[in-house]
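Novice: Have a look at this one.
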Amino acid sequence: MRLRNEQARQTVPAFVCLLAAALSLPLGLAGCSEPSSTTSGGSNGAGKVDPALQAQNSEELFVSPEEEKRFVSGTPDSKVPFPEAEFVKAIKLIDQLKVAEAEKLLMSKLDDAVKSAAGETKLGQYCARLCTALHMEGKDKESLKYAILGSHIFYKQPAEKRPLPRWFFNVHLHQGLGYKKLRMYPEAEKQLRKAINFASSAPAGQVDWNWHRLCLIELIDTLEHERKTSEVKVVKGEKKALEDSHR
């Protein structure tokens with residue numbers, strides 16, 4: 001399914017639905033590390049940020065040290081089964097746009113997921129799926145929490161246990177969109193660039209080019225808020241090159 005170019009800017013929810021659908025594919029693992037930047041460099045610019053959010057580390061606004069320790073550094077309990085059935089059912093509900101039901105289902109088994117898979121890839125994927133449902137409900141801060149936790153879990157894995165690139169793309173995309181919604185533009189830029197880099201470097205079939213394009217659109221808008229005129233031109237050129245390559 002391909003989105004029409006003229007609709008892309010208005011279709012972030014549909015975009016997230018497509019992303020959710022992609023995450024319903026088999027959960028095969030493949031070593032994945034963060035790629036080098038392929039878009040123009042991202043120094044902090046002059047975009048206005050909510051003053052109440054400037055004083056703290058951006059991740060600490062959404063994830064407490066206790067949550068970080070429990071989700072990322074905890075020790076799994078082999079006696080607690082991972083809620084696989086709920087994890088699978090949730091993506092079906094998301095595909096049907098029953099996102100409130102998906103959130104409720106995932107939240108009902110979140111404690112079991114953490115106990116059974118603390119610090120492991122499966123819990124990172126569970127967090128990524130939960131952040132998708134929360135984002136589609138417009139719960140940006142809650143979505144950011146689980147995107148951040150998911151990314152921390154993914155990056156702590158040894159190469160052979162890291163998930164496929166689409167999972168990294170998911171958590172960076174949701175962080176980028178969440179930070180942008182909250183007008184935290186430097187943080188949004190950083191995360192959108194990471195999502196774009198994964199889209200650019202992922203093996204064929206991992207990240208649809210329309211998702212890559214939409215990330216570029218969101219990055220352009222973010223850079224415009226930061227008044228980074230020269231970088232806007234560079235990313236617009238990348239967007240045009242991507243579009244030309246798929247005509």
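Novice: Kindly provide the set of residues from the range 123-175 that are among the hydroxyl-bearing types (Ser, Thr, Tyr) and surrounded by fewer than 24 Cβ atoms within 10 Å (Cβ to Cβ), ordered by number.
Specialist: Tyr155
Novice: Further question: How many residues are over 15 Å from the mean Cα position of the chain (by Cα) and either at pLDDT below 95 or not in a helix (DSSP H, G or I) (or both) when one looks only at the range 214-239?
Specialist: Final tally of qualifying residues: 3.
Table: residues versus (1) closer than 17 Å to Gln125 by Cβ; (2) more than 14 Å from the chain's Cα centre (by Cα).
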| residue | (1), (2) |
| --- | --- |
| Ser151 | yes, no |
| Glu187 | no, no |
| Gly205 | no, yes |
| Trp209 | no, yes |
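Novice: Further question: Could we say that Val207 is under 22 Å from Asp95 (Cβ atoms), β-branched (Val, Ile, Thr), in contact with a helix residue (DSSP H, G or I) (Cβ under 7 Å, 6 or more places away or on another chain) and buried (at least 16 other Cβ atoms within 10 Å of the Cβ) here?
Specialist: Yes, satisfied.
Novice: Looking at this structure, is Gly178 surrounded by 24 or more Cβ atoms within 10 Å (Cβ to Cβ) and free of Cβ contacts under 8 Å to residues at least 60 places away in the same chain?
Specialist: For Gly178, the condition - surrounded by 24 or more Cβ atoms within 10 Å (Cβ to Cβ) and free of Cβ contacts under 8 Å to residues at least 60 places away in the same chain - is met.
Residues checked against (1) touching a residue at least 60 places away in the same chain (Cβ under 8 Å); (2) in a helix (DSSP H, G or I):
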position: Gly74; (1), (2): no, no
position: Lys89; (1), (2): no, yes
position: Met107; (1), (2): no, yes
position: Asp112; (1), (2): no, yes
position: Phe168; (1), (2): yes, yes
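Novice: Assess whether Arg227 counts as being among the basic types (Lys, Arg) and surrounded by fewer than 21 Cβ atoms within 10 Å (Cβ to Cβ).
Specialist: Considered against the rule, which asks whether it is among the basic types (Lys, Arg) and surrounded by fewer than 21 Cβ atoms within 10 Å (Cβ to Cβ), Arg227 comes out as yes.
The values are calculated or read from the model by the stated rules, or taken from the named source; none is laboratory data. Just so we're clear, the structure is a prediction, and the values are computed from it rather than from any experiment. No Cβ is skipped: glycine too gets one built from the backbone with ideal geometry, and neighbour counts run over all protein chains shown.
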